[in-house]
Ligand code: URP
Ligand code: ZN
Ligand code: ZN
């Protein structure tokens, strides 16, 4: 095993380390090396063999030590606009994340139609600050792209460190039409933010769903049938086209199968900056999980829906060949039983009234480690890249988060890999009354999770506390920069740039911190 690529200690600080993680077999997105990790003041201060003793020591001999997970797509304490209630707040959600090896979450400050986005962000801070157990940043959800939002609120919020937002092409209470999407992309282009897109075709879905419901076909399997792959493919292609029109990078979230993957791959091959995310439900569930009596299948209702085994294989292929940059949970926690949950009208709830989303914060990393790394579908560096480094880069948190390097926050996971553990909801730390992965066996689980050098999970128990987690303002991510050269091939873009120059630094560079980019996302 090679030594740390840069055997280094922090500059001239003679104080003892607060913690030394000894004999670590470290994997980052680019390297594998063996080192002792010296931690001081919550940051990595040294990576070298034979470090002097720390105030505290953890022996990691024989174990992988990886950067803590960055879950860049999870929903916590998010207002829904109806009677459904998210079961996880910033305490239970971040507790569950830490117990599954995630040390940074990026949930969503959601704007409901008619609301101020600035107020939505302020309200979300009130729910998070002082409550989270691990560090967190915010994406925003833009559902009402008024001139005030696009011209005043978004530019100001981006400047303050809220540098990514999600927009929807489906859901009546959230969706934007194409012109509104262009308005939002234009803000992202000019101010250097990352736009995440939920790509499903609203009209195709509504047309199908209305007919199914009129015929009484209202059980959970019809949720999947009313949201077919072609509806995802059409919206994905349209989102890519809108992004190309404005030469603005986008990230397509929760991609479910080959139809959308082909569109994304096609766009990437044409040189467009189209990024993509997928989630555990598209590797480990299928539409058959929406079947069952007494609305059992409502547990697995999410959008886009899980597909079939061929789609699972296409998603694995996309993870291995670089089509996907991000693997997130899309944790959307609704309880199965009780008020606010999956069955607002009891066992006769029709699929269109079931709140969409499934839990997965705590199981995301163990599932992918087991079936991805240990089963040989991806190497350890790819695992780190997908679950930590690339999300940190794409959302402006790198290199503070997403890697093990001198100066980075001491967020890391010491993994147990020679184990067999059956996933049981009773042993998870979220506030949801089920997991879609009940009974599934994994062969990897965190032994210890460190958040800024503090043990927040060890040997099966949560050791963190509410209020430890800090808010992380995000840089404008370099991967969100438009391609400067695009105007050469697209005269309308050249004209646009003359009319409305992109915000640049004093040296003429585009938004996005090169130091933080650390190469391509
Ligand atoms: O069904 C899902 N994915 N629910 C969560 C909200 C979203 O669209 O990501
Ligand atoms: Zn979505
Ligand atoms: Zn989501």
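Tabulated results
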| item | result |
| --- | --- |
| Hits in segment 141-181 (condition: within 16 Å of ligand 1 (Cβ to nearest atom) and either without any contact (Cβ under 8 Å) to a residue 12 or more places away in the chain or farther than 23 Å from residue 201 by Cβ (or both)) | 164 |
| Members of segment 230-247 that are surrounded by 18 or more Cβ atoms within 10 Å (Cβ to Cβ) and over 22 Å from the mean Cα position of the chain (by Cα) | 231, 234, 242, 244, 246, 247 |
| Given (1) in contact (Cβ under 8 Å) with a residue 40 or more places away in the chain; (2) within 16 Å of ligand 3 (Cβ to nearest atom); (3) closer than 23 Å to residue 387 by Cα, index of the condition residue 265 fails | (2) |
| Residues of segment 343-388 classified as farther than 21 Å from residue 317 by Cβ and in a helix (DSSP H, G or I), total | 8 |
| Tabulated pairs, segment 275-296, first over 30 Å from residue 385 (Cα atoms), second at pLDDT below 95 and in a helix (DSSP H, G or I), C-beta under 6 angstrom, 6+ apart or interchain | 294/347; 295/347 |
| Segment 206-217 residues that are touching a residue at least 60 places away in the same chain (Cβ under 8 Å), paired with ones that are not in a helix (DSSP H, G or I) (beta carbon under 9 Å, 6 or more apart) | 209/226; 209/227; 213/226; 213/350 |
| Segment 287-318, residues that are within 16 Å of ligand 3 (Cβ to nearest atom) and part of a helix (DSSP H, G or I) | 300 |
| Residue selected from segment 72-103 under the condition closer than 17 Å to residue 280 by Cα and touching a helix residue (DSSP H, G or I) at 6+ places or on another chain (Cβ under 6 Å), by the criterion farthest from ligand 3 (Cβ to nearest atom) | 101 |
| Unique residue being away from ligand 1 (no atom under 14 Å from the Cβ), surrounded by fewer than 19 Cβ atoms within 10 Å (Cβ to Cβ) and over 20 Å from residue 71 (Cα atoms) when the list is 311, 288 | 288 |
| Qualifying residue in segment 319-337 (condition: more than 16 Å from ligand 2 (Cβ to nearest atom), in contact (Cβ under 8 Å) with a residue 40 or more places away in the chain, part of a helix (DSSP H, G or I) and under 30 Å from residue 266 (Cα atoms)) | yes |
| Any hit, segment 49-57, residues being part of a strand (DSSP E or B), on the phi < 0 side of the Ramachandran plot and either within 16 Å of ligand 3 (Cβ to nearest atom) or crowded, with 20+ Cβ neighbours inside 10 Å (or both) | no |
| Only listed residue being touching a strand residue (DSSP E or B) at 6+ places or on another chain (Cβ under 8 Å), closer than 30 Å to residue 234 by Cα and away from ligand 2 (no atom under 16 Å from the Cβ), chosen from 174, 117 | 117 |
| For residue 271: the one exception among (1) surrounded by fewer than 19 Cβ atoms within 10 Å (Cβ to Cβ); (2) touching a residue at least 12 places away in the same chain (Cβ under 8 Å); (3) not in a loop (DSSP other than H, G, I, E, B) | (3) |
| Residue satisfying all of: in segment 192-216; within 19 Å of residue 244 (Cβ to Cβ) and away from ligand 3 (no atom under 16 Å from the Cβ); surrounded by the fewest Cβ atoms within 10 Å (Cβ to Cβ) among these | 201 |
| Qualifying residue in segment 203-224 (condition: more than 16 Å from ligand 1 (Cβ to nearest atom) and closer than 30 Å to residue 483 by Cα) | no |
| Residue 135 touching a residue at least 40 places away in the same chain (Cβ under 8 Å), within 16 Å of ligand 2 (Cβ to nearest atom) and closer than 30 Å to residue 34 by Cα | no |
| Output for segment 61-96, where each listed residue is more than 16 Å from ligand 2 (Cβ to nearest atom), in contact with a strand residue (DSSP E or B) (Cβ under 9 Å, 6 or more places away or on another chain) and either at pLDDT below 95 or under 21 Å from residue 141 (Cα atoms) (or both) | 62, 70, 88, 90, 93, 94 |
| Strands (runs of 3 or more DSSP E) contained entirely in segment 164-267, each with at least 3 residues that are touching a helix residue (DSSP H, G or I) at 6+ places or on another chain (Cβ under 6 Å) | 194-198 |
| Candidates 363, 387, filtered to the one that is under 27 Å from residue 439 (Cβ atoms), within 13 Å of the chain's Cα centre (by Cα) and more than 16 Å from ligand 2 (Cβ to nearest atom) | 387 |
| Subset of segment 294-309 (residues that are more than 22 Å from residue 198 (Cα to Cα) and modelled with pLDDT of 95 or more) | 295, 296, 297, 309 |
| Residue within segment 471-484 that is within 30 Å of residue 17 (Cα to Cα) and either surrounded by fewer than 18 Cβ atoms within 10 Å (Cβ to Cβ) or modelled with pLDDT under 95 (or both) present | yes |
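The values are calculated or read from the model by the stated rules, or taken from the named source; none is laboratory data. Keep in mind it's a predicted model, so treat the numbers as computed, not measured. Neighbour counts are summed over all protein chains in view; Cβ atoms, including those assigned to glycine, are modelled from backbone coordinates with ideal geometry.
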